[in-house]
Amino acid sequence: MVYTGDSLKTYNKVHASGNTSKSYIVNKLYTMENGKKYFVNSKGYMHFLMIERFNMPDNTPCYAVRDYMLTKDNMLKDNGVYSRFYDTVNEVKEYLKQLEEA
């Protein structure tokens, strides 16, 4: 386990919210009670996937999934964009649904 102290408490709270068992499948996407998505990578780090709005250079709005990793000091580290850019939020939600079903 990579987490201790407060970060371990956060990890356990999130994992209990999105998974009924104490174990997890590496890189499987889980949904928390509040609808947010997360997964645990092969090194044991928890990642949160959030839909965010961006503006293209011509100011056209678009949407993508941003990856935030829970660090050992209980902070969220921005790991950048996890998906390609989509025209609508519904397209991003469909992408996440496909990830969750995989």
Checklist entry - Only one of F39, F48 is under 22 Å from Y11 (Cβ atoms), in contact with a His (Cβ under 6 Å, 6 or more places away or on another chain) and in contact (Cβ under 8 Å) with a residue 12 or more places away in the chain; which? => result F39
Next on the checklist: Can you tell me which residue is farthest from the chain's Cα centre (by Cα) among those in segment 38-48 that are surrounded by fewer than 20 Cβ atoms within 10 Å (Cβ to Cβ) and within 20 Å of A64 (Cβ to Cβ)?
Outcome noted: N41
Next on the checklist: I'm told S83 meets every condition in (1) touching a residue at least 60 places away in the same chain (Cβ under 8 Å); (2) among the polar types (S, T, N, Q); (3) surrounded by 13 or more Cβ atoms within 10 Å (Cβ to Cβ) except one. Can you identify the failing condition by its number?
Outcome noted: (1)
Checklist entry - Is it true that some residue in segment 24-35 is without any contact (Cβ under 8 Å) to a residue 12 or more places away in the chain, over 14 Å from the mean Cα position of the chain (by Cα) and outside any helix (DSSP H, G or I)? => result yes
Item to check | Residue selected from segment 46-87 under the condition on the phi < 0 side of the Ramachandran plot and of a type in the set (G, A, S), by the criterion modelled with the lowest pLDDT | outcome: S83
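The values are calculated or read from the model by the stated rules, or taken from the named source; none is laboratory data. For clarity, every value in this text was computed on a predicted model and none was experimentally measured. With ideal geometry, Cβ positions are generated from the backbone for all residues, glycine too; neighbour counts draw on all protein chains shown.
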